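Asker: Dropping the structure in here first, questions after.
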Amino acid sequence: MSLPPELEKYVAIKPLYWDPEAKEFHWLDTRLIPFKEVYRSTRDYRRVAQAIKDMEIRGAPAIGVAAAFGMALAAVHSNASSLEGLMKELREAQKVLASTRPTAYNLFWALDRVMKAAEEAAAKGDPGEVRARVEEEAVRIYVEDIRANVEMGRIGSKLIEDGDIILTHCNTGALATAGFGTALGVIRYAYYEGKNVKVIATETRPLLQGARLTVWELKKEGIPVKLITDNMAGLVLRQGLADEVIVGADRIILTGHVANKIGTYMIALAAWHNSKPFYVAAPTSTIQPVEDPSSIVIEERSPDEVRKVLGQHLITVPDVDVYNPAFDVTPPELVTAIITERGIARQPYKRSLRKLLQG
Ligand code: MRU
């Protein structure tokens, strides 16, 4: 599938794409990066759900886009002859895809959007129309995500000075989105503008998205990167070795609470204590229009992710009790600004985020 030329030049790494002739969805298996680059493909939405669950595809925006293509697969490969039959299958696909990862808001946002398109088309009474609209909407979500990333990069880059060293957590680059990145997109854009930027990447235990994915992406583009373990972030900020922090988000609510990869809160605390800006970059599709932080569901993953490294090497006693939350929530008072494709939100977030969502 070709992208509009103004966006194509920003997609150096293609983490996922749609083949409109074969009606097939393709993605890079991020579990294998940086050791192997393997693309996988399917015509079955259940396989897409499995890929999200197993983290072959991960990162909130990428999960949303993949789920939208999952719905497209369910629509175009459905054998249902009646409109009712097709809509029933689409509702089932929505349920299966929604059950994969509970924190990434983009997942629910994308599924709702595709389902709404399907329902609008269904009003015309033609199953063929529904199939076409669902595919069209998924492609639209994919292109919009890249466009939003690039725009966020352009807007966020204004916050970065020439010569800055930026601390980031997890992976928020091409591999976490449809192809450019949120926090890493801002860094990437600043670099493309000729700013001399350097990155400090945390390894991001337990699944090592920083060490495996962020380092791989930055090295590929020649952006200088230094890897640290997660427990070094406090010292790095204390020693003034980073000028600011930029992270992504899995879910932001109107109060400005930010759910992101486990460890983000700890870094935000260290940034605040050392008077360093703590920026969050996320598209508006990550913002859930609610105000109750206790409604944010934090995913808990398998204990073996903590007991083992890279799913193989046991690093503790095999039956040790483990707590493995995949995300934490950073409160708004620690967040200097939220960078979106529609502008930068600052405190009070209830006002600024609502305004961005309306705009
Ligand atoms: O568990 P993951 O790898 O899906 O977590 C990803 C993150 O926490 C990212 O920071 C977030 O999704 C923003 S990605 C643009």
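The values are calculated or read from the model by the stated rules, or taken from the named source; none is laboratory data. As the structure is a computational prediction, the values presented were derived from the model and not from experiment. Cβ coordinates were reconstructed from backbone atoms using ideal geometry, including for glycine residues, and neighbour counts include every protein chain displayed. When the accessible area is computed, the model is the full protein with side chains, heavy atoms only, and any ligands, DNA or RNA have been set aside. Shrake-Rupley method; radii C 1.70, N 1.55, O 1.52, S 1.80 Å.
Asker: Could you let me know the centre-to-centre spacing of segment 193-245 and segment 286-359, using Cα atoms, in angstrom?
Answerer: After rounding, the separation between the Cα centres reads 19 Å.
Asker: Return the carbon/sulfur percentage of the accessible area of segment 1-126, one whole number, probe 1.4 Å, all protein chains in place.
Answerer: 49
Asker: Which parts of segment 206-224 would a label at ASN196 reach, counting a residue when its backbone N lies under 16 Å from a point 7 Å out along Cα-to-Cβ?
Answerer: 223-224
Asker: Report the one residue of SER295, MET266, ILE160 whose Cα lies farthest in the direction of the positive end of the charge dipole of the chain (charges on C-beta: Lys and Arg +1, Asp and Glu -1; origin at the Cα centre).
Answerer: Comparing the listed Cα positions along the dipole, ILE160 ranks first.
Asker: Stretched out fully, how many nm does the piece from GLU221 to LYS350 gain, at 0.36 nm a residue minus the Cα gap?
Answerer: 42.7 nm
Asker: Distance cut-off 26 Å, Cα to Cα: go down the list LYS198/LYS350; LYS226/LYS276; LYS9/LYS195 and report the pairs above it.
Answerer: Check vs 26 Å cut-off fails for LYS198/LYS350.
Asker: Let me ask another. Averaged per residue, what accessible area in Å² does the chain show with a 1.4 Å probe, protein chains only?
Answerer: Per residue, the chain has 41 Å² of solvent-accessible surface.
Asker: Restrict the search to segment 30-134; then list the GluC sites (Glu not before Pro) that DSSP places in a loop and that have at most 16 other Cβ atoms within 10 Å of their Cβ.
Answerer: Sites meeting the loop and neighbour criteria: GLU37.
Asker: Then there is this: Hey, can you rank 270-278, 25-33 by average C-beta count inside 10 Å, highest first?
Answerer: 25-33, 270-278
Asker: Provide the FRET efficiency to the nearest 0.05 for the VAL96-SER302 pair, computing r from the beta carbons and using R0 = 25 Å.
Answerer: Once the sixth-power term is evaluated, E becomes 0.80.
Asker: At 222 nm, what helix-only mean residue ellipticity would the chain give, in deg cm²/dmol to the nearest 500, using -39500 (n - 2.57) for each DSSP H run of four or more?
Answerer: -12000 deg cm²/dmol
Asker: Can you tell me the FRET efficiency between ASN231 and VAL290 if r is taken as the Cβ-Cβ distance and R0 is 30 Å, rounded to the nearest 0.05?
Answerer: 0.35
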